[in-house]
Structure formats: C-alpha cells, structure tokens
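Novice: First the structure, which I've put down as structure tokens, then a few questions once you've had a look.
The values are calculated or read from the model by the stated rules, or taken from the named source; none is laboratory data. The structure displayed is predicted, hence computed values, not measured ones. Cβ atoms come from the backbone with ideal geometry, glycine included; neighbour counts cover every protein chain shown.
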Amino acid sequence: MATLHRFYAAVPASIPDARNELADFAARSGAGDDQLYRIRLSASEALTNVVVHAYEDEGGQIELLGTITDGELSVLIADEGRGLRQGCQSEGLGLGLASMALFSDGLTIATRSSRGLEVRMRFTLDGGPLLESSYERGSLASATRPASPRFSTTT
C-alpha cells in the first residue's frame, strides 16, 4: 500500500500545492490523464471548501491523505474547523459537492468526532491492481487474489 500524508495551512496558496502533490502521487501510482483531471478537479473543490468555509480565523490546517490499495486511490481531505452549518449560504455556484460526486467513483462527507469535517473520495485507477501475482499456488497467491464468491465465513 502506497501512502501520501501531508498537512497544509488552510490558505489559498496551499490549494495548488496540495492538488499537485496528490496528482503526482496518483500519476506515479498508475492514474491516466482523464483520471488525473478528475482527481485534480475533485481535490481542488474539497481543498477550496476547507479554505473558504472551515475556519473563522487564520491558523487552521488541511489534512491530505492519499492511499493506493488494490488499484484504487482513496483520498481524505479533512479539517478541524466549524463543520457543516445549516442555513449557511456560499457566494459560489454551489456545484463543488456535486462535482466531487460526479468526478469521483465514491464520495463520503462526514463530521469528524473530534471537530471539523472530512471528505473521502475514491478513484479506480486505469491500471487495475498495482500488485499482480505471478504465483499460481501458495500463501502469496492467496493473499494477492480476490476472495472467491463461493466461500463465505457467515452462517
């Protein structure tokens, strides 16, 4: 499993830095051009939401976590700010969350137990699983092959 974990100041200048670092990580992990476009756009929306909405004062931070597992990029963009606020109007078009949902292969938005908000996005990479087994039998083959639908541990 490959991992990228960074913290950035919640300021506008951090948005392109975080977005580019995530895109570079995704490109090294097998993301194609179309996927990189979708990853960049979705990350920009989530990062911008943190900068614009999360903190009342300066000093906040953005957490960026990217992981590659079984041919998927999972992205967490989180803050420790005010969280979702009911009745709060934005000056934007209101398309950020819809764009993230449209361009990712999975989107979850949740209030953090400590404080703040987290956005989790999932992107299936073009190349499929990065770890391919050339083993036909044994423990390594079992560990790198998907579970059989014919086997279940439930009763």
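Novice: Among the residues in the range 84-98, are any hydroxyl-bearing (S, T, Y), over 18 Å from T3 (Cβ atoms) and either at pLDDT 90 or above or assigned to a loop (DSSP other than H, G, I, E, B) (or both)?
Specialist: Within the range 84-98, one or more residues are hydroxyl-bearing (S, T, Y), over 18 Å from T3 (Cβ atoms) and either at pLDDT 90 or above or assigned to a loop (DSSP other than H, G, I, E, B) (or both).
Novice: Which members of the range 61-79 meet the condition of being part of a loop (DSSP other than H, G, I, E, B) and modelled with pLDDT of 95 or more?
Specialist: Within the range 61-79, D79 is the sole residue that qualifies.
Novice: Also, I was wondering about something else. If you check A110 against the conditions, is it modelled with pLDDT of 85 or more and touching an Asp or Glu at 6+ places or on another chain (Cβ under 6 Å)?
Specialist: For A110, the condition - modelled with pLDDT of 85 or more and touching an Asp or Glu at 6+ places or on another chain (Cβ under 6 Å) - is met.
Novice: Go through (1) in contact with a helix residue (DSSP H, G or I) (Cβ under 7 Å, 6 or more places away or on another chain); (2) closer than 22 Å to T69 by Cβ and name the single condition I15 misses.
Specialist: (2)
Novice: Answer yes if at least one residue in the range 119-142 is modelled with pLDDT of 90 or more and among the small types (G, A, S), and no otherwise.
Specialist: No: the range 119-142 contains no residue that is modelled with pLDDT of 90 or more and among the small types (G, A, S).
Novice: Which of the residues that make up the range 51-73 are touching a Ser or Thr at 6+ places or on another chain (Cβ under 9 Å) and touching a residue at least 60 places away in the same chain (Cβ under 8 Å)?
Specialist: Within the range 51-73, L65, G66, T67, I68 meet the criteria.
Novice: Report, ordered by the first and then the second residue, all pairs with beta carbons closer than 8 Å, sequence separation of six or more or different chains, a first member in the range 6-27 that is on the phi < 0 side of the Ramachandran plot, and a second member that is assigned to a strand (DSSP E or B) and of a type in the set (S, T, Y).
Specialist: Listed by first residue and then by second, the contacts come to S14/Y8; D17/Y8; A18/Y8.
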